[in-house]
Amino acid sequence: ANNYQMNRNPFIDYPQWARIAYDPTYTGSGASNAPETSSVGANSDLVKDATLLSISLNTTNVKKEFKFNEKFTTQGLVVTGTYDNGITQRVSSFTASVASDTVLSTSGTQTITISVTHNEETKTATYDITVAPEEAHNIMGFDMKTIIIFAAVGVVVLILLLIIFVSLSKKQKKKVVKVIKKGAKKQVKKSTRKKK
């Protein structure tokens, strides 16, 4: 492979990769089952004594748009380290400027800084996330979901009252209309007094 593709066979450098590829239960040397990490260890013998030159981020599969008060996650983020011995490999151990599961309570664009420390050398790279504005609230402090539920319940109650009204006799309907008119007149008088 080295003579034709100008790169070494990765399964020679990382024999555990074959085991990882064909045995999903493998948790031995070089494998990690921790969330938000790569499937192979980053601190292999090839970079053990090397100097970390830079890191790069692949954010293709990472969540970048969040709702207000949603929890932050870096799941899907791929961090790659480049070392002074020519090795470039995925890094499994990194920190983010916003910790996972932090509730995002500030809307707008935020820059997330990813840091990798190797042999006391720290390198950083950034990407942006967007947090949607807080949902609008009405005067009484209810969110839109609650208002919709109240409106739906109100419509159902109104329909039930109409069904009951239709089933009444003419005499009963006249009494109900009389009571409604009387109540309406009282409300008009009250509002007129308040205006004065």
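Can you give me the relative contact order of region 74-196 as a percent, contacts being Cα pairs under 8 Å and 6 or more apart?
12 percent
With no solvent and one point per C-alpha, what does the Debye sum give as log10 I(q)/I(0) for region 69-138 at q = 0.14, 0.15, 0.19, 0.20 Å⁻¹?
So the normalised log intensities work out to -0.53, -0.59, -0.82, -0.87.
What percentage of the solvent-accessible surface of region 48-196, computed with a 1.4 Å probe over protein heavy atoms, is contributed by carbon and sulfur atoms?
On the way: 6440 of 11100 Å².
Ligands and nucleic acids excluded, carbon and sulfur reach 58 percent.
Tell me, what ³J(HN,Hα) does each residue in region 101-116 have, in order and in whole Hz, if you take phi through Karplus 6.51 cos²θ - 1.76 cosθ + 1.60 with θ = phi - 60° and put x for Gly and Pro?
Result, ordered by residue: 6, 6, 6, 8, 10, 10, 7, x, 7, 10, 9, 9, 9, 9, 10, 10 Hz.
Sorted by mean Cβ packing within 10 Å, highest first, what order do the peptides 145-152, 72-79, 163-170 take? Before the final figure, lay out the partial values.
Details: 145-152: 11.1, 72-79: 17.1, 163-170: 9.4.
Descending packing order for the listed peptides: 72-79, 145-152, 163-170.
The values are calculated or read from the model by the stated rules, or taken from the named source; none is laboratory data. Quick caveat, the model's predicted, so the values are computed rather than measured. Every residue, glycine as well, gets a Cβ built from its backbone with ideal geometry; the counts of neighbours run over all protein chains shown. Surface areas here come from the heavy atoms of the whole protein model, side chains and all, with no ligands, DNA or RNA. Shrake-Rupley method; radii C 1.70, N 1.55, O 1.52, S 1.80 Å.
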